[in-house]
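J.: Please see the structure below; I have some questions.
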Amino acid sequence: MVNIRLLQVSDAMDFRQLRLLSFQESPLGFSESYEDESKRPLADFEEEIRPIDNPPTYYVLGAFVENELVGFVKFKRDRRSKALHKSMVHAMYTKAARRSQGIGKLLMEEVIRRAKAMPGLEQIHLWVLHTDRSASGFYKRLGFIPQGPMVKKDLKVGDQYIDAEYLVLYF
C-alpha cells in the first residue's frame with residue numbers, strides 16, 4: 001500500500017537521498033544536476049521540504065511504501081497578489097524500480113486535490129523536459145494542456161540540447 005503525506009524536516013535525509021537518486025536515474029529529467037545538488041548540505045534539504053503556511057501553500061509530498069520514501073512532488077502557490085490564482089509543480093519523481101505502479105499518479109492526484117481546495121486557486125503549471133523518457137504524456141492524461149509552443153534547446157547537457165514544454169491544468 002502507498003501512503004502519501006507531507007514531508008517533514010525529519011524526512012530530510014531520506015528526501016536528500018531520493019532527490020540525488022533522481023538525478024542519477026533521470027539525469028536529463030531535471031534542470032538541476034547531481035553534481036550541483038550533491039554539494040548542498042542537509043540543512044538545505046530540510047529547508048526545501050519545510051511546508052509554508054497552514055494549510056500549506058508550499059510543500060513536498062512524499063510517497064511511502066513500507067515506510068520507504070519512493071517518490072515525491074514539490075508544489076508552490078504563487079504568493080504575488082496579481083498571481084494568487086496560479087501555482088507550480090517544481091519537481092516530480094518516482095524511483096525507477098517503482099514506476100508503472102501508479103505512484104506518480106497518486107502523488108499528482110493528491111496535489112490536484114489539495115490545489116482545488118485552495119480558495120482562489122485556478123491553475124497548476126509545470127515544465128516537462130523532452131528526453132527519451134518524457135513525462136509529457138503522463139501529465140496530459142491528468143488533464144494538463146500545452147501552454148504555448150515547445151521551448152527549443154532549453155537546457156544543454158554536454159553537447160545534448162533538451163527541449164521543454166510548458167503545461168497547465170485549469171480548474
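Each value in this text was obtained by applying a stated rule to the coordinates, not by laboratory testing. All values derive from a computational prediction rather than experimental measurement. When we count neighbours, we look across all protein chains shown, and the Cβ atoms used for this are built from the backbone with ideal geometry, even at glycine.
J.: Restricting to Cα pairs below 8 Å that are 6+ residues apart, what does the relative contact order work out to for the stretch 2-170? Please round to a whole percent.
T.: RCO, the stretch 2-170: 19 percent.
J.: Where does the charge balance sit around M150 when Lys and Arg score +1, Asp and Glu -1, over other residues with C-beta under 13 Å from its C-beta?
T.: Overall, the nearby charge balance is -1.
J.: Past 19 Å, Cα to Cα: identify those pairs from K74/K153; K95/K116; K105/K153; K74/K116; K82/K140; K74/K95, in the order given.
T.: Details: K74/K153 24 Å; K95/K116 27 Å; K105/K153 28 Å; K74/K116 16 Å; K82/K140 27 Å; K74/K95 15 Å.
Going by Cα-Cα distance, K74/K153; K95/K116; K105/K153; K82/K140 fall outside the 19 Å limit.
J.: Projecting each Cα onto the charge dipole of the chain (Lys/Arg +1, Asp/Glu -1 at the beta carbon, about the Cα centre), which of V73, Y139, L20 comes out farthest on the positive side?
T.: Ranked along the dipole, the leading option is Y139.
J.: Something else: Let me see the P(r) profile for the stretch 12-120: every Cα-Cα distance counted, bins of 10 Å, each bin given as a percent of all pairs.
T.: For the stretch 12-120, the pair-distance distribution reads 13, 44, 34, 9, 0.
J.: Apply 1/(1 + (r/R0)^6) to the Cβ-Cβ distance of A164 and N67, taking R0 = 41 Å, and write down the FRET efficiency to the nearest 0.05.
T.: The pair A164/N67 has a calculated efficiency of 0.75.
J.: Quick one: which residues, 5 or more positions from T57 or on another chain, have an amide H under 5 Å from its amide H? H modelled 1.01 Å from N in the peptide plane, none for Pro or chain starts.
T.: The list, which skips near neighbours in sequence, is I52.
J.: So which aspartates and glutamates can K39 reach, going by Cα to Cα under 20 Å and dropping same-chain residues fewer than 8 places off?
T.: Straight-distance partners of K39: D11, D14, E25, E47, E48.
J.: Something else now. Hand me the trypsin sites (Lys or Arg not before Pro) from the stretch 1-92 located in a DSSP loop with no more than 14 other Cβ atoms within 10 Å, in residue order please.
T.: Counting only loop positions with at most 14 other Cβ atoms within 10 Å, the trypsin sites (Lys or Arg not before Pro) in the stretch 1-92 are K39, R79, R80.
J.: Same structure, new question: Have a look at the DSSP beta bridges in the stretch 2-170 and tell me what percent are antiparallel, nearest 5.
T.: 90
J.: Could you derive backbone 3J(HN,Hα) for the stretch 17-30 from the dihedral phi with the Karplus parameters 6.51, -1.76 and 1.60 (θ = phi - 60°), listing whole Hz in sequence and x where the residue is Gly or Pro?
T.: Taking θ as phi minus 60°, the curve returns 4, 5, 4, 5, 4, 4, 6, 7, 6, 9, x, 9, x, 9 Hz for the stretch 17-30.
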